[in-house]
Amino acid sequence: MLISTFQPKLDNLEIRITNEETTEKVATVILSFLKKEKVNFIFGMHGGYTVGMGEELHNFPEIQFIHCQHEGGAAFMADGYAKASGKFGVVLTTAGPSLTNAFTGIISSFADGIPILLISGAVPHSKALIGAIQDTASFGMDVASSFKEAVRFHADIHNKDTFLQYFREAIRYLYRGKKGPVFLNIESDIFSQEVTHNFKYLRHSNNKFFDAESTDFVLDVLKKSHNAVIVAGNGVKLSKAQDELEVFANLLKIPVIVTPKGKSGFNNESELFLGSFGAGSNIIPDEYLKQEPIETIIALGTSFNEYSSDTWSKLIPKTYRIIQIDIDPYIIGRLFANTYGVHGDIKTTLNYLNDRIKKSELDFEHLNSLPIIKKYRNNFANTINPELYTSDKVPIKTPRLLKDVYDAFCDHIVNIFNDNGSCIFWLNHYMKFRKGWNFYSSLGFSSMGYAFSAAIGGALGDPSKVTIAFAGDGAAIMNGNELKTASEYDVPVFFIVLNDSRLGIVYHSTKAIYGRESVGTEFKKPIDFVKFAESLGVEAYRIEKPGEINRDFINELIKKGKPILFECMVDRDEMAPYAGRINQVKK
Ligand SMILES: Cc1ncc(C[n+]2csc(CCOP(=O)(O)OP(=O)(O)O)c2C)c(N)n1
Ligand SMILES: [Mg+2]
């Protein structure tokens, strides 16, 4: 019976109030919600405690279950899916070790503010404490509770009658404020039990809030500032505010610096772009901050953590005035006393600012920094060793490899996923981004093994782009098992291994500090990644010379629509620009 308070026309509203009642299985409620939100993939692994979900998936052909080789990979895939699609990712695990395997990936999403719905099948309480398989309570441990601090919301669902309230609350957290994972630990027999509900369409509020009063004050501050610089962090990308930022910067004619995680948050081809700051900083942002008497920094979606502040660089003195706009109120003013905080969604805030500037015809000509920016761009190369970028030497220099990748993929719009290791510094310093290219990393928790898995999720989340993943050999072997997942489902990702046969960043930094490398940082028997990939069904090529990755080759490979791996034999003795990180480890 439908006794709708509102008319059906309201379908597109965020919240539709209805008294319609439906009776369906718990698994059906969950999958119907995913279908409605067009979340078409679940990443994970089945087991005895998820069979109810597995069975119901037969009725949802539009939702594909991606069987991953390890739940850690599944969690990273869900993260990559969420980042590339702008939706939330879903992870399904069974009880015990399957759940704990997902832990690192879930923390990583938590640290990066990525919405993930983690569902685990749990041991039914009727079998608790009597030695049921994977029942950690039997040996006195509540394994699910270890996730409590790694998620924004956690519920153990012991009975079908509480499922609906918890599910609704979890959904709200997926869409509200600073995002992150939510965790529903559902006793396995509940998936197939029926519930009657009348809030099938009760959704969530959207995230597009902003603070008009504080935002108005931003304009007053800018009117009184003599100059200003924008630092764009990951929040710009999370709120998909790249276009609004470009309009804003162009209205004010002030320079933009990006952080490592925020790298593709601003058009790298704009005349206002100075380069990357933070881990592996470019030269121009450093020089600009060093030499110009900056008065106001507009920090957009950056927490000024170790990586994004270049180890809390002295280049941003405590005396600067900081306007910090962020969805997360807790990080506003964390580092600088002179912070004027604006809590809200960056895209919405910038839209409002742009509108006000245009409509009120406020004149910000006094901020016009174009001539100064030009001077810096003419006087400085933006990289420490520009010759490495064009070097023809063998073994191939990593910067040259990055140039080859840039040139080879330039006919396409690309999503790049980056791992943790020297590649953070290499890419932040040398990788160029075309307008529309996206860069995704996991620097919140900085776990090795991220990129290959996340890229698989990313390619499924946004098939309109070409997906590339970069990882060192150490990180590539850590979760390289997921190449099998890519081949199994024909997910077209270009996996690029920077093979130096060692944990390069640890090797080089310990050598720089102690005069010799740490024990256990080299592979005595190098990994043959071509054979490894081929054994898992992925086509692979060994790249030994500059120019081997080129436009014609790539355009041919893209047509195949399959995963491809490049094992790149890079110069292992060329150190990435990790100066700041070495100084930090030294302390
Ligand atoms: C799960 C995890 N373990 C350990 C580390 C510490 N760590 C950071 S980078 C790195 C070495 C990376 O080696 P590789 O992937 O080969 O990259 P390279 O620096 O050699 O290019 C290590 C051990 C980490 N970040 N994450
Ligand atoms: Mg390595």
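The values are calculated or read from the model by the stated rules, or taken from the named source; none is laboratory data. The model shown is predicted, which means the values in this text are computed figures rather than measured ones. Cβ coordinates were reconstructed from backbone atoms using ideal geometry, including for glycine residues, and neighbour counts include every protein chain displayed. All accessible areas refer to the heavy atoms of the entire protein, side chains included, with ligands and DNA or RNA removed. Shrake-Rupley method; radii C 1.70, N 1.55, O 1.52, S 1.80 Å.
Some observations on this one:
- Taken over segment 513-532, the criterion of being within 15 Å of ligand 2 (Cβ to nearest atom) and open to solvent by 50 Å² or more (accessible area, probe 1.4 Å) is satisfied by 517, 520, 522, 523, 524, 525, 526, 528, 532.
- Residues of segment 357-370 that are of a type outside the set (Ser, Thr, Tyr), open to solvent by less than 90 Å² (accessible area, probe 1.4 Å) and more than 15 Å from residue 298 (Cβ to Cβ): 362, 366, 368, 370.
- Selection status of residue 43, aromatic (Phe, Trp, Tyr), open to solvent by less than 20 Å² (accessible area, probe 1.4 Å) and not in a helix (DSSP H, G or I): yes
- Residue match in segment 340-348 (condition: surrounded by 15 or more Cβ atoms within 10 Å (Cβ to Cβ), modelled with pLDDT under 90 and part of a loop (DSSP other than H, G, I, E, B)): no
- Every listed requirement among (1) open to solvent by less than 10 Å² (accessible area, probe 1.4 Å); (2) charged (D, E, K, R); (3) without any contact (Cβ under 8 Å) to a residue 24 or more places away in the chain is met by residue 314 save one, (1).
- Criterion (out of contact with any strand residue (DSSP E or B) (no Cβ under 9 Å at 6 or more places or on another chain) and under 27 Å from residue 101 (Cβ atoms)) met by exactly one of 140, 177: 140
- Residue check for residue 462: modelled with pLDDT of 95 or more, within 15 Å of ligand 1 (Cβ to nearest atom) and not small (Gly, Ala, Ser): no
- Filtered by the rule that a residue be within 15 Å of ligand 2 (Cβ to nearest atom), touching a helix residue (DSSP H, G or I) at 6+ places or on another chain (Cβ under 9 Å) and open to solvent by 20 Å² or more (accessible area, probe 1.4 Å), segment 480-512 gives 500, 503, 505, 506.
- Filtering 393, 397 for residues that are of a type outside the set (Asp, Glu) and touching an Asp or Glu at 6+ places or on another chain (Cβ under 6 Å) leaves a single hit, 397.
- If you go through segment 512-558 and pick out every residue that is within 24 Å of residue 414 (Cα to Cα) and charged (D, E, K, R), you end up with 8.
- Hey, residue 352 in contact (Cβ under 8 Å) with a residue 12 or more places away in the chain, part of a helix (DSSP H, G or I) and in contact with a helix residue (DSSP H, G or I) (Cβ under 6 Å, 6 or more places away or on another chain) or not: yes
- Where a residue in segment 217-228 is within 13 Å of residue 252 (Cα to Cα) and of a type in the set (Val, Ile, Thr) and its partner, wherever it lies, is open to solvent by less than 20 Å² (accessible area, probe 1.4 Å) and part of a helix (DSSP H, G or I), with Cβ under 8 Å and at least six apart: 218/353
- Scanning segment 469-491 for residues that are within 26 Å of residue 411 (Cα to Cα), away from ligand 1 (no atom under 16 Å from the Cβ) and in contact with a strand residue (DSSP E or B) (Cβ under 7 Å, 6 or more places away or on another chain) yields 486, 489.
- Matching residues in segment 170-193 - criterion: being within 27 Å of residue 55 (Cβ to Cβ), part of a helix (DSSP H, G or I) and open to solvent by 50 Å² or more (accessible area, probe 1.4 Å): 189, 192
- Scan of segment 432-476 for residues that are buried (at least 24 other Cβ atoms within 10 Å of the Cβ), part of a loop (DSSP other than H, G, I, E, B) and in contact with a Leu (Cβ under 9 Å, 6 or more places away or on another chain), ordered by number: 441
- Test: residue 285 is surrounded by fewer than 24 Cβ atoms within 10 Å (Cβ to Cβ) and more than 17 Å from residue 424 (Cα to Cα): no
- Of the residues making up segment 371-384, just one is open to solvent by less than 50 Å² (accessible area, probe 1.4 Å), of a type outside the set (Ser, Thr, Tyr) and not in a loop (DSSP other than H, G, I, E, B), namely 373.
- Residue pairs whose Cβ atoms lie under 8 Å apart, sitting 6 or more positions apart in sequence or on different chains, and linking a residue in segment 359-386 that is over 16 Å from residue 285 (Cβ atoms) to a partner that is open to solvent by 50 Å² or more (accessible area, probe 1.4 Å) and basic (Lys, Arg), are 362/223; 362/356; 364/223; 364/253; 365/253; 367/253; 368/253; 370/253.
- Across segment 136-150, the number of residues qualifying as within 30 Å of residue 344 (Cα to Cα) and either touching a Leu at 6+ places or on another chain (Cβ under 7 Å) or open to solvent by less than 10 Å² (accessible area, probe 1.4 Å) (or both) comes to 2.
- Here residue 518 clears all of (1) within 16 Å of ligand 1 (Cβ to nearest atom); (2) at pLDDT 95 or above; (3) of a type in the set (S, T, N, Q) except the condition numbered (2).
- Condition met for residue 535 (surrounded by fewer than 21 Cβ atoms within 10 Å (Cβ to Cβ), among the polar types (S, T, N, Q) and away from ligand 2 (no atom under 16 Å from the Cβ)): yes
- Count of segment 138-187 residues which are over 18 Å from residue 327 (Cβ atoms) and not hydrophobic (A, V, I, L, M, F, W, C): 20
- Identity of the residue in segment 385-426, of a type in the set (D, E, K, R) and part of a helix (DSSP H, G or I), that ends up least open to solvent (accessible area, probe 1.4 Å): 404
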